[in-house]
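To keep things clear, I will list the structure first and then write my remarks on it.
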Amino acid sequence: MSLNIDEVRVGVDGVVAVGPFGAAAPTSAISALTEHVDYGYVSEDGVTESTSVTSEKIRAWQKAKVVRTVITEGTVTYKLVLIQTNAETIALYYGGTVEADGSIVIDPTAERPVLSLIIDVIDGTEIIRSYAPEAQVTEVGDQVYQNGAPIGYEITIEANHNETLGGSVQKWYSSLAAPVVPTITAATPSAAVQGAQVKIVGTDFTGVTGASSVKFGATNATSYMVDDDATIYAVMPAGTAGAANIVVTNAVGASSAFSYTRGS
């Protein structure tokens, strides 16, 4: 291993998103989140991830030699302070439901619901994503109302073991992902004409190197925007009506041609 300053990461930005238990799981560090809600601003202290392990040593009679170390308990927790006051944050903090009149009944003895948690740590174009499909709020901090300070909602979320995942948390590091060729699964609307915008849906549009070209037939799109790993918005270039199969290319290679017919 060599010294490489490009591998030094700083958590300068991030996202804390919560969804219902059973929400669609992410597929990469940059895949779109469809069922998770971004809970907005977190205090300047950011997010603290803690992994704790409790073990027990099994010793033999002979000279008390340690012959095995058994893990008896392990937990992964995330501690943070949300600073936006809205219905979602209040419900998460107190463990209840915010009614239409803005009220909530607080029952500290009530069992907290199981949630799906996603935390993205962002450093420029690099993302570290943590996904806990079976998470619960296990602790909350004090409510402090102080002049000149934001009202914060301190929570500790514990990631429980999930049978489907085979663990508590899955993590992705975008900088460590091997780039792959894009795929296209849909393009709408059909029969777009020159100057019209076409939404292209698929996978691996951004990857680690980004889409380098979008073509309709043999002609480059007039312009395009990579919205996320699964979505590109491209403007139809000049051309005649008929077949204009779509191809997206990145540094690894070109996607298979997606059948598309442009309008007149």
Looking at (1) modelled with pLDDT of 90 or more; (2) crowded, with 21+ Cβ neighbours inside 10 Å; (3) not β-branched (Val, Ile, Thr), which is the one condition that is false for Gly207? (1)
Just checking, does the stretch 151-163 include any residue being loosely packed, with under 14 Cβ neighbours inside 10 Å and closer than 30 Å to Gly253 by Cα? no
Any residue at all in the stretch 110-130 that is farther than 29 Å from Lys171 by Cβ and either in the same structural domain as Tyr39 (by TED's automatic domain parsing) or crowded, with 18+ Cβ neighbours inside 10 Å (or both)? yes
Out of curiosity, is Val10 in contact with an Asp or Glu (Cβ under 8 Å, 6 or more places away or on another chain), among the hydrophobic types (A, V, I, L, M, F, W, C), in contact (Cβ under 8 Å) with a residue 40 or more places away in the chain and surrounded by 14 or more Cβ atoms within 10 Å (Cβ to Cβ)? no
Does the stretch 206-232 hold any residues that are within 21 Å of Thr27 (Cα to Cα) and either touching a strand residue (DSSP E or B) at 6+ places or on another chain (Cβ under 8 Å) or not in a strand (DSSP E or B) (or both), and which are they? Thr206, Gly207, Val208, Thr209, Gly210, Ala211, Val226, Asp227, Asp229, Ala230, Thr231, Ile232
If a residue must be farther than 18 Å from Thr185 by Cα and touching a Phe, Trp or Tyr at 6+ places or on another chain (Cβ under 9 Å), how many such residues does the stretch 237-264 contain? 2
Which numbered condition Asp120 fails, given (1) touching a Lys or Arg at 6+ places or on another chain (Cβ under 6 Å); (2) touching a residue at least 60 places away in the same chain (Cβ under 8 Å); (3) farther than 29 Å from Pro150 by Cβ: (3)
Considering every residue within the stretch 232-255, establish whether at least one is closer than 29 Å to Asp120 by Cβ, free of Cβ contacts under 8 Å to residues at least 40 places away in the same chain and aliphatic (A, V, I, L, M). yes
Hey, among Ala191, Ala244, which residue is at pLDDT 90 or above, on the phi > 0 side of the Ramachandran plot and aliphatic (A, V, I, L, M)? Ala191
Assess whether Ser55 counts as being assigned to a strand (DSSP E or B), in the same structural domain as Val144 (by TED's automatic domain parsing) and crowded, with 18+ Cβ neighbours inside 10 Å. no
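The values are calculated or read from the model by the stated rules, or taken from the named source; none is laboratory data. It should be emphasised that the depicted structure is a prediction, and the values quoted were computed from it without experimental measurement. Using ideal geometry, Cβ is built from the backbone for each residue, glycine included, and neighbour counts are taken over all protein chains shown.
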